2 protein chains.
Amino acid sequence: MSVTIKDIAKAADVSLATVSRVLNGSGYVKETTREKVHDAIKQLHYTPSAIARSLSTNKTNTIGVIIPDINNPFFGEVIKGITQVADEHQLNIILCDTDDCKEKELKAIKLLREQRIEGILMTPTYGEEAHDSAYMSTLDNLGIPVILMDGHVKYANYSGVFIDHVQGAYDGVEALIHAGHEKIAIINGRLDSRPAKERFLGYKKALNKYAIPLHEQYIFNGEYDHERAYTMTKKILLLEDRPTAIFVSNNLSMLGCVKALNEQSLSIPDDMAILGFDKVDALNIIGMNISFINGPTTLMGKTGMNMLIESLEKQKDVHMRELKQITLLPELHLKGSEKKSV
Amino acid sequence: MSVTIKDIAKAADVSLATVSRVLNGSGYVKETTREKVHDAIKQLHYTPSAIARSLSTNKTNTIGVIIPDINNPFFGEVIKGITQVADEHQLNIILCDTDDCKEKELKAIKLLREQRIEGILMTPTYGEEAHDSAYMSTLDNLGIPVILMDGHVKYANYSGVFIDHVQGAYDGVEALIHAGHEKIAIINGRLDSRPAKERFLGYKKALNKYAIPLHEQYIFNGEYDHERAYTMTKKILLLEDRPTAIFVSNNLSMLGCVKALNEQSLSIPDDMAILGFDKVDALNIIGMNISFINGPTTLMGKTGMNMLIESLEKQKDVHMRELKQITLLPELHLKGSEKKSV
């Protein structure tokens, strides 16, 4: 059982009020009594309760972080960024993984609210249809700052840090076009999610800019997984007018695409040029040299956390709601796999 | 600002005591008054405070989880297992990442203790030298259940769930020997850590069992990273009496080993047989068919969390300390890359 100030009072043979005065450094306490209390604290390994303190100061120094998939390395890196800033500010983090499930997300918000966390950093579940009006009302009535990280929340404007997926995809597809490609297939993520939708838009904008017609048969709508991307890549390879390049619009799909190419012993980029959105660290390290557009993950975590801290501070001073949205531009890393063989 | 029962009392135009009676369902409250209070609660979107409740019930329903590296997919899977069980038991998780740094770990323990978490699930920092007597005293004096997950803590016996690294490595190396290998190099992880030390032991036991002499020049002591493994693999490839197989004793080192083989266009297993400890999901998915010994990650998370819940329940009843250690056996997955070309 954990030690309470009752135990301290008993061990030091003083009143509860005396222990409280010593702990708070308030009121007069005789020096010898103070020493007795300190000895008891040391002997019993007492730590002041942040919970008791939070009731008097109304501060828990705890932040809730809600993400859809902790096993996606993308979020691992985002969390690294968040914890770096949280550490500097002595803030604790309660992490909730929603498995990209709306019900789990609502439950997480409820639990966090009960823990009286001071603010929330979240990437909402991907699907827009999940964000109905009951959901929005839950978010709106939290009464604490909420900062979004790259999610889309329908019907509402929330402060947050976002990634310019359109520009990122545009830059990448433009690099494919500059390398000589015109037949460029795309494997989309879930098109009801902001990242997939915007990356698809960037793809279309780049084709349009260079007057390359959009071919329906080159467009494949996947999810965020490798299984579907594997099947789709096999379909792409069977197309009569086979594309010379594939834009794989998310990191989890990339693995399925590479698997399908490997199975048919096709080389990148000689047999097929490949461009990914978000890097796949493992493939990068082993030297596969897959060209990719990289969302600034750790930076997004840091920026989001800094925005939340700023919101917490502003909240104290004025009763106004400020909307602030920061957009980060992804970086294009050309590794040679965008090239067209002649 | 979050809503308090003062706001409820004001909105319903009743006393604090009345609101409290309604919330606790205790004492007599007139039906019309009760309705007024409930209307105010609904209107103001009030959620009962888990913190206030925790002071009266002495329960926070919150568990601390401390791990050394959230970016290692191994821990991503462990956390999935932990959260599955935590969800079922309506427990919250405060996750702390220590960057494998002793100071951060001590800070995390202190923060968690202040949050009055009910128990801790932890994988301590790898290095044994970190666990000096001051450190041990911090752990010993927490006064709440601590369950270790696969870590080594010197000088003390803690309950926990462990992986039989010795047997896992033994089984894997034996498979290499059965495939015809006698010249087997090993890339160790940090040898002051339990997993690396035990895997090395399993390697030695297997060689000994089959009367294969241990060659010093085949033993490479790395860390848990890909950079050093890359350099070491290049050294292995330059050895005069070159090994025919490499046992890469951790997942992060595997990427560096594969990179070095790829650079020299060496094929697995025709030019070099490869065995890993812990799978590398990405390489597995793209079809590299690397044979590996797999620590039961999600199962370890689930088992650890169940042990912690059990400890929390037992704690209520009796004042005794029970030591319980569960050891999980890793699985050997042979994918063909252990074979010896003839």
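The values are calculated or read from the model by the stated rules, or taken from the named source; none is laboratory data. Computed from a predicted model, the values in this text were never measured in an experiment. Cβ sites come from the backbone with ideal geometry, for glycine too, and all protein chains shown count toward neighbours. For accessibility, only protein heavy atoms count, side chains too; no ligands or nucleic acids. Shrake-Rupley method; radii C 1.70, N 1.55, O 1.52, S 1.80 Å.
Give me the percent of accessible area attributable to carbon and sulfur for segment A:165-295, probe 1.4 angstrom.
Its accessible area is 46 percent carbon and sulfur atoms.
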**Request:** For A:THR60, tell me the accessible area in Å² from a 1.4 Å probe, rounded to the nearest 10.
**Result:** 10 Å²
**Fill in**
Dividing the helical contributions, -39500 (n - 2.57) per DSSP H run of n ≥ 4, by the residues of chain A yields a 222 nm value, nearest 500 deg cm²/dmol, of -14500 deg cm²/dmol
**Message:** I need the calculated FRET efficiency for the pair A:GLU227 and A:LYS42, taking r as the beta carbon distance and R₀ as 51 Å, to the nearest 0.05.
**Reply:** 0.30
**Fill in**
Among B:TYR46, B:TYR28, B:TYR224, the residue with the largest mean-square fluctuation in a Gaussian network model of chain B built from Cα contacts under 10 Å is B:TYR28
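What number does segment A:209-275 give for Rg over Rh if you use C-alpha atoms and the Kirkwood radius?
Working: Rg = 11.6 Å, Rh = 12.2 Å.
On the Cα set of segment A:209-275, Rg over Rh gives 0.95.
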**Other copies of B:TYR210: label-to-label distances in nm, shortest first, labels 7 Å along the beta-carbon direction** = 5.3
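Where does the charge balance sit around B:LYS107 when Lys and Arg score +1, Asp and Glu -1, over other residues with C-beta under 13 Å from its C-beta? It would help to have the intermediate numbers written out before the result.
On the way: positive: B:LYS102, B:LYS104, B:LYS110, B:ARG113; negative: A:ASP87, A:GLU88, B:ASP97, B:ASP99, B:GLU103, B:GLU105, B:GLU114.
Residues close to B:LYS107 contribute a combined charge of -3.
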**Fill in**
Here the whole-number average of other chain Cβ atoms within 10 Å per Cβ of B:158-165 is 0
**Item:** Reach of A:LYS36 by Cα under 21 Å, taken over lysines that are not fewer than 8 positions away in the same chain
**Value:** A:LYS6, A:LYS10
**Item:** Distance (nanometres) between label positions extended 7 Å along Cα→Cβ at B:LYS234 and A:GLN325
**Value:** 4.7 nm
**Message:** I need the inter-copy label distances for A:SER15: point set 7 Å along Cα to C-beta, values in nm with one decimal, smallest first.
**Reply:** 2.6
**Item:** Per-residue SASA entry for B:ILE268, accessible area with 1.4 Å probe, Å² rounded to 10
**Value:** 40 Å²
**Request:** Show A:LEU121, A:LEU16 ordered by accessible area, largest first, where the area counts protein heavy atoms only and the probe is 1.4 Å.
**Result:** A:LEU16, A:LEU121
**Request:** Give me the distance in nm between label points sitting 7 Å out from Cα along the Cα-to-Cβ direction at A:GLU35 and A:ARG242, one decimal.
**Result:** 8.8 nm
**Request:** Convert 20 °C to kelvin, take the viscosity as 1.002 mPa s, use the Kirkwood radius over C-alpha pairs of the protein assembly as shown as Rh, and evaluate the Stokes-Einstein diffusion coefficient in µm²/s, rounded to a whole number.
**Result:** 77 µm²/s
**Message:** Give me the extension gain from B:GLU182 to B:LYS209: residue separation times 0.36 nm, minus the current Cα-Cα distance, reported in nm with one decimal.
**Reply:** 8.5 nm
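Rank these by accessible area, largest first, 1.4 Å probe: A:ASP270, B:ASP192. Write out the running numbers ahead of the final one.
Values: A:ASP270 100, B:ASP192 50 Å².
In descending accessible area the options line up as A:ASP270, B:ASP192.
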**Item:** Nm distances between copies for A:SER133, ranked from closest, using label points 7 Å along Cα→Cβ
**Value:** 6.9
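Tell me, what is the Rg over Rh of segment A:108-220, with Rh the Kirkwood radius over Cα pairs?
Numbers: Rg = 18.1 Å, Rh = 16.1 Å.
Reported Rg/Rh, Kirkwood definition of Rh: 1.13.
Give me the one-decimal Kirkwood hydrodynamic radius in Å for chain B, with the sum taken over alpha-carbon pairs.
When all Cα pairs of chain B are included, the Kirkwood radius is 22.9 Å.
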**Message:** Which residue fluctuates most in the GNM of chain B (Cα springs below 10 Å): B:GLU35, B:GLU77, B:GLU322?
**Reply:** B:GLU35
**Prompt:** Between B:THR298 and A:LYS10, how many nm apart are label points set 7 Å from Cα along the C-beta direction?
**Reply:** 4.6 nm
**Request:** Compare A:ASP13, A:ASP225, A:ASP271 in a GNM of chain A, Cα atoms joined below 10 Å, and give the one with the largest fluctuation.
**Result:** A:ASP13
**Fill in**
Heavy-atom accessible area of A:ARG190, protein chains in place, probe 1.4 angstrom, given in Å² to nearest 10, is 50 Å²
**Request:** Could you work out the Kirkwood radius for segment B:165-295, taking every pair of different alpha carbons, averaging 1/r and inverting it, reported in Å?
**Result:** 14.2 Å
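For B:LEU328, B:LEU44, write out the residues from largest to smallest accessible area, computed with a 1.4 angstrom probe and no ligands counted. Don't skip to the end; give the middle numbers.
Numbers: B:LEU328 20, B:LEU44 60 Å².
Correct descending sequence by accessible area is B:LEU44, B:LEU328.
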**Request:** Could you work out the mean count of beta carbons from other protein chains within 10 Å of each residue's beta carbon in B:278-289?
**Result:** 6
